[in-house]
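Presented below is the structure to which this report refers.
The values are calculated or read from the model by the stated rules, or taken from the named source; none is laboratory data. Given the structure is predicted, the values throughout are model-derived calculations rather than measurements. FYI the Cβ positions are ideal-geometry reconstructions off the backbone, even for glycines, and counts take in every protein chain you see. What goes into the accessible areas is simple: the full protein's heavy atoms, side chains included, and nothing from ligands, DNA or RNA. Shrake-Rupley method; radii C 1.70, N 1.55, O 1.52, S 1.80 Å.
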Amino acid sequence: MTDTTTGAAAAPNPHLPPYAARGLKGRILSGVQPTGNLHLGNYLGAIRNFARLQNDYECLYCVVDQHAITVPQDPRMLAAQTREIASAFLAAGVDGTKQIVFNQSMVPEHAQLAWIFNCVARMGWMSRMTQFKDKAGKNSENVSLGLYAYPALMAADILAYKATHVPVGEDQKQHIELTRDIALKFNNDYKVNFFPITEPVIEGAATRVMSLRDGTKKMSKSDPSDQSRINLTDDADTIAKKFRKAKTDAEPLPSDLEGLSGRPDARNLINVYAALADMTPEAVITEYAGAQFGTFKPALADLAVAKLSPITIKMSQLMQDPAEIDRILGEGAARADAIARPIVDQVYDIIGMIRSRPF
Ligand code: TYM
């Protein structure tokens, strides 16, 4: 950086956050749970955008293993799935040398700040979380306390870095709103202007990908039917078969989007096509107006295979070297910790917690 009036090197502005000084628009944090069956919804709703946003933002991408254990996990599977998610980030184009890729449990500030947020968030706020209600179902007395407190840990993931933007699928919007409420309440309670009010980034034609067996249900890792989702580890044949068998109605495709109202399965396939082809749903429906699903589904399958197989191949190559993935995660965690430590130390200070450890 050069001062244009004197020609001397200008001192960095201490009031600008480091990403602004680098000409970036903000700091991103996002996370994915290592709970198996990474699918097309995770890719189109979130992971694809991780790579797309990395030139404009400073990015931290986190495998949230502490969120995963809010429901029981097999320890060996958890480690393997953590590496699988990290590989998916990298295979989708995230640059692990420039951006920060790490797993949550390696950076202690997430859990430390989560405890503080457990004391900021209100029971009533947590009880309104639709994801908790869906996951707990009729069994709410028997689920873990962690599942209930889950959104406070998610707020800590974001605010431990004072992240300004969070790319996610539509289903996480309520959790980001809660993060904003926690930031506001903390700032108000302690009369500080400390935490930013984070913006969700919900972008693309497929921010809520639906099940291939039921267009009214979200595509999900936990759906017992494997036919309901395209897994990022599916091979080309499996992808093609699943799209061919996707539930649809008997009508041809209409000539505009209005003609898709009341046809959720068809609408979902149009959105997926649009997202994969980087088109608008309007443009897709214009192109396929009047077409039968017998024509549209093979075209969609070919497109999905063309877009997904390079990622699948790269993922399996990366997963052949678990030690290298662990190295990337460890290095990422050290860089993440260097950002989060001073922020969480300031939080302790604001709260009035004495931090005079000689170590
Ligand atoms: P998770 O692991 O369920 O999903 C990871 C990302 O994928 C998106 N997604 C979808 N997008 C479109 N259509 C779908 N059918 C679909 N299913 C999932 C999710 O919206 C998400 O962006 N709570 C988070 C993980 C998390 C997090 C965070 C996210 C923990 N801490 C901090 C952002 C910031 C979750 O369970 O995502």
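Largest first, the residues R267, R27, R208 sort by 1.4 Å accessible area into R208, R267, R27. With K and R counted +1 and D and E -1, the other residues having a Cβ less than 12 Å from that of T35 yield a net charge of -1.
Just how large is the dipole of the chain about the Cα centre, in debye to the nearest 20, putting +1 at every Lys and Arg Cβ and -1 at every Asp and Glu Cβ?
Using only the charged Cβ atoms, the result is roughly 540 debye.
Listed by number, the DSSP H helices of the chain that run 30 Å or longer by alpha-carbon position along their axis and have mean Kyte hydropathy of at least -0.5 are 293-319, 322-351. Among the GluC sites (Glu not before Pro) in the stretch 103-189, those located in a DSSP loop and surrounded by at most 16 other Cβ atoms within 10 Å of their own Cβ are E141.
Per residue, the chain exposes an accessible area of 48 Å² to a 1.4 Å probe, with every protein chain left in place. Under the criterion of Cα pairs below 8 Å and six or more residues apart, the relative contact order for the stretch 226-319 equals 37 percent.
Global size of the stretch 226-319: 13.8, 44 Å for Rg and Dmax (C-alpha atoms, Rg to one decimal, Dmax whole). What the Cβ-Cβ distance of S144 and S222 gives, at R0 = 22 Å and to the nearest 0.05, is a FRET efficiency of 0.90. In the chain, the ratio of gyration radius to Kirkwood radius, Rg to Rh, stands at 1.00 when only Cα atoms are counted. Based on the convex hull around the alpha carbon atoms, the stretch 66-192 presents an average projected area of 9.0 nm². For the chain, the fraction of 1.4 Å probe accessible surface lying on carbon and sulfur atoms is 53 percent.
Taking all Cα pairs closer than 8 Å and separated by 6 or more residues, the relative contact order of the chain comes to 21 percent.
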